Amino acid sequence: MAKRGFAASNPVRFAAMNSAAGLSEPTILLKLAQQTWGEFMQDICFARTAFSLLLIIGTCFQSSQLNAEGALALGLPSSVAKEGFAFGYSINKETSDQAQTNALDRCRTSEAGSAQGKKLCRVAETFSGKCVAVAMDPKAGTPGVGWSVDADLASAEARAMSHCKATAGADRVDFCTIDKSACDK
């Protein structure tokens, strides 16, 4: 809180001192109002400065979230049915390079990924402020796999499922499921 001046903290004593100095009552009240108004304006300036600082600090903290980066890495051999596949994705990283490195690491160390798929991991797509989804037929030895990066989660999942069903084969279309999905901020 701002330090209050003598007039505002002790108006009766202020008036008595100025009256003894030969000032009229209207002049005393005017001086009191001027000092109080000045303190009020100082308080407003302080509040505006503090608000501006908080706004700048908040913007700095948010900027890293607004610029979040994502990447999708895939390892796709020529025959997914025979050799399997691997994938990894990364979201909410500060830079595209960090997102790509993280997605590649996840692809290459994926527990569910095939050995051949892990060797072939490459960044398939980078994105910012979007969603990623991977769909697959969970049965080993089946070709159904699909992925998508899209503006929202529902769209990404729908496109991933559509791609999975297109590669699954007529007898496995109904077995495609979303394996992983997430959104970048």
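The values are calculated or read from the model by the stated rules, or taken from the named source; none is laboratory data. Owing to the predicted nature of the structure, the values given are computational and were not obtained by experimental measurement. Note: ideal-geometry Cβ built from the backbone for every residue, glycine included; neighbour counts use all protein chains shown.
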TODO: Report whether or not Ala112 is of a type outside the set (D, E, K, R) and in a loop (DSSP other than H, G, I, E, B).
DONE: yes
Task: Residues of the stretch 78-109 classified as surrounded by fewer than 17 Cβ atoms within 10 Å (Cβ to Cβ) and in a loop (DSSP other than H, G, I, E, B), total - done: 5
- [ ] Could you list, in sequence order, all residues of the stretch 167-185 that are assigned to a strand (DSSP E or B) and of a type outside the set (Val, Ile, Thr)?
- [x] Asp179, Lys180, Ser181, Ala182, Cys183
Open item on the list: Suppose we filter the stretch 167-179 for residues that are crowded, with 16+ Cβ neighbours inside 10 Å and either touching a Lys or Arg at 6+ places or on another chain (Cβ under 6 Å) or not polar (S, T, N, Q) (or both); how many remain?
Closed with: 6
Open item on the list: Going residue by residue through the stretch 109-125, is there one that turns out to be under 17 Å from Lys185 (Cα atoms) and hydrophobic (A, V, I, L, M, F, W, C)?
Closed with: no
TODO: Please work out which residue is surrounded by the fewest Cβ atoms within 10 Å (Cβ to Cβ), limiting yourself to the stretch 138-166 and to residues that are among the charged types (D, E, K, R) and in a helix (DSSP H, G or I).
DONE: Arg159
Open item on the list: Just checking, does the stretch 128-136 include any residue being over 22 Å from Asp97 (Cα atoms) and modelled with pLDDT of 95 or more?
Closed with: yes
